[in-house]
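Visitor: Right, I'll just put the structure down here and ask away after.
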Amino acid sequence: MTAFVPFTPAAGQLTNFPPVERWDDWSEYDPAAWPKKVARKYMLIPTICFNCEAACGLLAYVDKDTQQIRKFEGNPAHPGSRGRNCAKGPATINQVHDPERLLYPLKRSGPRGSGKWERTTWDEVLDTLAGRIRRALLEDRRTEIMYHVGRPGQDGYMDRVLQAWGVDGHNSHTNVCSSGARLGYTLWQGADRPSPDHANARFILMLSAHLETGHYFNPHAQRIIEGKMAGAKIAVIDTRLSNTAARADYWLSAWPGSEAAILLAMANVILQEERYNRAFMERWVNWETYLRCQHPEVEVTFDNFLQAIKVHYATYTPAFAERESGVNASLIVEVAHGIANAGSAFASHVWRNAASGNEGGWQVARCLEFLSVLTGSIGTRGGTSPNSWDKFAPAPFIKPAPQKVWSELLWPREYPLCHHEMSFLLPHFLKAGRGRVDTYFTRVYNPVWTNPDGASWLEVLQDEEKIGLHAALTPIWSETAWFADYVLPMGNAAERHDLMSQETQAGSWIGFRQPVLRVAREKIGQPVRWTYEANPGEVWEEDEFWIELSWRIDPDGNLGVRQYFESPYRPGAKLSVDEYYQWIFEHSVPGLPEAAATEGLTPLAYMRKYGAFEVTRETYNLHEKPLHAAQLEGASIDPLTHLVGKDGQVIGVEIDGKAVTGFTTPSRKLEFFSQTMQDWHWPEYAIPTYIKSHVHREQIDHSKGEYVLLPTFRLPTLIHTRAGNAKWLYEISHTNPLWVHPRDAERLGLRTGSLAKVQTEIGYFVIRIWVTEAIRPGIVACSHHLGRWRLAKDSGGDRWSTALADLQQVGQGQWRLRQLQGIAPFASADPDSDRVWWKDAGVHQNLTFPVHPDPISGMHCWHQKVRVALADADDRYGDVFVDTNKAFQVYQEWLQKTRPAPGPDGLRRPLWMLRPLKPDAAAYRLA
Ligand code: SF4
């Protein structure tokens, strides 16, 4: 045995990370053995965190003696996270070694939801699923196969699988998450998300909630702090004193839903004081179209445009915004001046929060982006770019053609402009007889718990007429998996391949998730054919699952499916997961083959070594990118719109006599005026506007005990429902009291720790309160990350995180959930399970929320009008009651607010708007 030589960094060398040249043979002392000096020898293998969509890099420390992963730390070679992680990254080790984890495929052995399970084989699972899907394809039932994803954790793989099958079956969670903001951004710039350059900003405005505690969390947080250290000022609009707001220079605690009024008041200040960036707006805003459509009486000049919008927005005075929001007018003006002073280095972001809480919330993102446009901060250093500039998604080999069918269960005609599938309405659509699902995959998705109105979900999940077969693909037990036919264990961050990229900065990169133990075995010369051979138990990785399933659906290739799952290197042979990524790295990632060659590596070996690759260092001003000569050959320019067209497609726009790329909107400009809104029956919202929320002040009568409930915020140490298998995270965070302002507590006669009953439109929940000045008076708030339950003593949920509960149907459509026991120590292979000291599992609230689909964006509007009162004598902590009959009524009421398709040309939806897995253009036409 060689003597242990601790790493001695050279002077000035970064000491926080092991140098990459020693990753195959790293030694360090075992901290658990302290004070003894016990050396451990490791292989360090990079992978990507799977605990939120930020896709930070991790380094797995694989013990060379035991071939087990001992810990995870940050990957310094990852351009987005740069070696840093939040608490959830290192907690991946808990998920790997969780004694409660699912290790083998299970099949129900009693009625659905009865909790009776038996172990089955993967062969049986694959044959059953393949047989059903094959039958559906042969019978042309291509809208009856549905893949419903919660946490995607990959870019593009599943799109290819579903399009290879020719089904319109992609469903997502996005309409309970972020589609409100996505519509607002899409209308301006085509791309549906912003990419703020926080590190170089001079002023940062965030509408917080999930923003710097969830999605984009660590990569953004570190760059916000960089910006702050370089002198940037930070403003946060959030009713609640969030972690982000607590670090800001300005906290604007707005009445929920009034945020757009504040933002338009800021815009008005900038307009009236003429602090806007005239040159940028004149070049890049579609002001001519606005004047032609809404002011035909005036000459089409930029001065007339400015005059028209100054008049239009003059009513949004700071005093008006103060009346709506409760935020002091002088503070609004001060922040507006801060934004104007930043020039083109103003960065902004909204994620969930107001855009996801309110009817009309999508206008919040649109009004926020208006400030970026006014200041010319789009695409600039320190500004905000379209996310598509910074997120890099490489193309795989042979892309299937778009599907030829359209699923009305996913994209109903009432919501032609919804940004994603109307996923949370699925139970109601099924109850209303709009269709059925033959084979339903939930994939890292827990709608019974995560969605509003979960009781309606459990009703339809138990109905085999409505859902023929339900397979839950999940790394852990969930409340939804309990109502499945198959529970299929899938790998976590260290047990699967995926490609991921996110818009974390003004540059682009790609990250490679890897099955760590498989890679470790291959490094020591032990070939692995399938990832499950190296994973614990019989945990599969999904890539291989879908390849194998697709082969079994089409074993002889006659359905045209199999061709997409054949090797690009070995004609006719089954695609291996190595080959899938090998091809992409060799052909679709610019610069990677060259970088790999300089190290004498193949592109795949390079990615296995580093786990990430920087594709572009800086991505500023891409809208100004000139079209090159080959693009312009055979192109023509429209004299009125200046659009550059070729082969029936728009490829750019002429600006100041130069043909450039522009944005991905129909006009290729930033669309202040949306012809789409005008044409699709919403002319009153053709420009950025303030829409009064369903929880506007006028709707709330405090004298009746009415409040607005904010249920959208996240605890930074938890994940929606996948933190349940991370003991460290639950030790840190395991309670979610109701935030109540001292004035309201006094009015209600409540103190910290009092038991309160919170009544919604369809039921109630019982929770303890926390009296705090960190919330605006008149508003209450509760984090949605807690309140997990299991219905059996020792299965159906991780015991680190779930309360044992009793779920009863107490009347037709009436459900009562009662906690029988909180969290308690339990015996397992992990000695820590015997030391569990926390008892609280938190309280579930989402069951008591009816669906509130925004009539335009389709986003579920999470905020609730509630009544808060002292709990009754027979109420118990954690009680939930809900009536799904009332839930169905509320669904019908909100449905009435819509203005259905068709739009122009008999279309179901504008062709230019984004849609996951866009079908063939012919499928867009309503018959
Ligand atoms: S921010 Fe997200 S991806 Fe990064 S370490 Fe935390 S949970 Fe993992």
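Visitor: Within region 552-567, whose backbone N sits under 15 Å from a point 7 Å along Cα→Cβ of Leu138?
Guide: Those under the cut-off are 552-561.
Visitor: Name the residues whose placed amide hydrogens come within less than 5 Å of the amide hydrogen of Asp24, ignoring near sequence neighbours (fewer than 5 apart) on the same chain.
Guide: Counting only residues 5 or more places away or on other chains, the set is Leu44.
Visitor: Another question, if that's okay. Can you classify region 478-555 as rounded, prolate or oblate using the Cα gyration tensor, where a ≥ b ≥ c are the square roots of its eigenvalues, rounded means a/c under 1.5, and otherwise it's prolate if a/b beats b/c and oblate if not?
Guide: oblate
Visitor: Pop out the ³J(HN,Hα) list for region 744-754 in order, Karplus 6.51 cos²θ - 1.76 cosθ + 1.60 with θ = phi - 60°, rounded to Hz; leave Gly and Pro as x.
Guide: After applying 6.51 cos²θ - 1.76 cosθ + 1.60, I find 6, 4, 5, 4, 8, x, 10, 10, 3, x, 4 Hz.
Visitor: Also, quick follow-up: Carbon and sulfur: what percent of the chain's accessible surface (1.4 Å probe)?
Guide: The nonpolar share, carbon plus sulfur, comes to 51 percent.
Visitor: Sticking with the crude label model, points 7 Å out along Cα→Cβ, report the distance from Glu684 to Glu731 in nm, one decimal please.
Guide: 5.6 nm
Visitor: Please find the FRET efficiency linking Glu698 to Glu334, where r is the Cβ-Cβ separation and R0 is fixed at 30 Å, and quote it to the nearest 0.05.
Guide: 0.60
Visitor: Between beta-carbons, use under 12 Å as the cut-off and find the net charge around Tyr924, counting Lys and Arg +1, Asp and Glu -1.
Guide: Within the 12 Å Cβ shell, the charges total +4.
Visitor: If we sort 488-501, 578-591 on the protection proxy, mean other Cβ atoms within 10 Å, highest first, what's the order?
Guide: Going by the mean number of other Cβ atoms within 10 Å, highest first, we get 488-501, 578-591.
Visitor: Less than 12 Å Cβ to Cβ from Trp551, Lys/Arg counted +1 and Asp/Glu -1: what total charge do the surrounding residues give?
Guide: Spelling it out: positives minus negatives among the neighbours equals -2.
Visitor: A further question follows. Any idea which of Phe512, Ala887, Met677 is furthest toward the positive side of the dipole for the chain, if Lys and Arg beta-carbons carry +1 and Asp and Glu beta-carbons -1?
Guide: Ala887
Visitor: Using only the Cα atoms of region 446-524, build the gyration tensor, take square roots of its eigenvalues as a ≥ b ≥ c, and label the shape rounded, prolate or oblate: rounded if a/c is under 1.5, else prolate if a/b is larger than b/c, else oblate.
Guide: Oblate.
Visitor: If you count, for each residue, the other Cβ atoms within 10 Å and average over each peptide, how do 405-417, 310-322, 364-376 line up from highest to lowest?
Guide: 364-376, 405-417, 310-322
Visitor: Here's a follow-up. Taking R0 as 35 Å, what FRET efficiency do you get between Glu706 and Ala927 from their Cβ-Cβ distance, rounded to the nearest 0.05?
Guide: 0.15
Visitor: Which pairs in the list Lys116/Lys727; Lys865/Lys886; Lys727/Lys839; Lys704/Lys757; Lys41/Lys727 are over 18 Å apart, alpha-carbon to alpha-carbon?
Guide: Lys116/Lys727; Lys41/Lys727
Visitor: Testing the spin-label approximation: label points 7 Å from Cα along Cα→Cβ at His587 and Arg381. State their distance in nm.
Guide: 3.8 nm
Visitor: Rounding to the nearest 20 debye, state how big the charge dipole of region 803-874 is about its Cα centre with +1 on each Lys and Arg Cβ and -1 on each Asp and Glu Cβ.
Guide: 280 debye
Visitor: Compute the length gained on full extension between Ala432 and Val405: take 0.36 nm times their separation in residues and subtract their Cα-Cα distance, giving the result in nm to one decimal.
Guide: Once the chain is fully extended between Ala432 and Val405, it gains 7.6 nm.
Visitor: Just name one of Ala55, Ala321, Ala756: the one whose Cα is farthest towards the positive end of the charge dipole of the chain (beta-carbon charges, Lys/Arg +1, Asp/Glu -1).
Guide: Ala756
Visitor: How far apart, in nanometres, would the label points at Asp656 and Asp556 be if each is projected 7 angstrom from Cα along the Cα-to-Cβ direction?
Guide: In this crude label model, Asp656 to Asp556 measures out at 6.5 nm.
Visitor: While we're looking at this one, here's another question. Please report, in debye to the nearest 20, how large the charge dipole of the chain is about its Cα centre when each Lys and Arg carries +1 at its beta carbon and each Asp and Glu carries -1 there.
Guide: Its charge dipole is roughly 1160 debye.
Visitor: So what are the ³J(HN,Hα) numbers for region 20-37, from phi and the Karplus equation (6.51, -1.76, 1.60; θ = phi - 60°), rounded to whole Hz, Gly and Pro as x?
Guide: The phi angles translate into 4, 5, 10, 5, 7, 8, 9, 10, 7, 6, 7, x, 5, 8, 3, x, 6, 9 Hz.
Visitor: Let me ask something else. If you take the beta carbon distance between Ile225 and Glu618 as r and set R0 to 22 Å, what does 1/(1 + (r/R0)^6) give as a FRET efficiency, to the nearest 0.05?
Guide: The calculated FRET efficiency here is 0.60.
Visitor: Would you mind counting up the charge near Leu103? Only other residues with Cβ under 13 Å from its Cβ, with Lys and Arg at +1 and Asp and Glu at -1.
Guide: -2
Visitor: Considering only protein heavy atoms, what per residue accessible area in square angstrom results for the chain with a 1.4 angstrom probe?
Guide: 34 Å²
Visitor: Continuing with this model, one more query. If you average over every viewing direction, what projected area does the convex hull of the Cα atoms of the chain give, in nm²?
Guide: 38.5 nm²
The values are calculated or read from the model by the stated rules, or taken from the named source; none is laboratory data. Quantities reported herein were computed from a predicted structural model and do not represent experimental measurements. Positions of Cβ are backbone-derived with ideal geometry, glycine not excepted, and every protein chain shown enters the neighbour counts. What goes into the accessible areas is simple: the full protein's heavy atoms, side chains included, and nothing from ligands, DNA or RNA. Shrake-Rupley method; radii C 1.70, N 1.55, O 1.52, S 1.80 Å.
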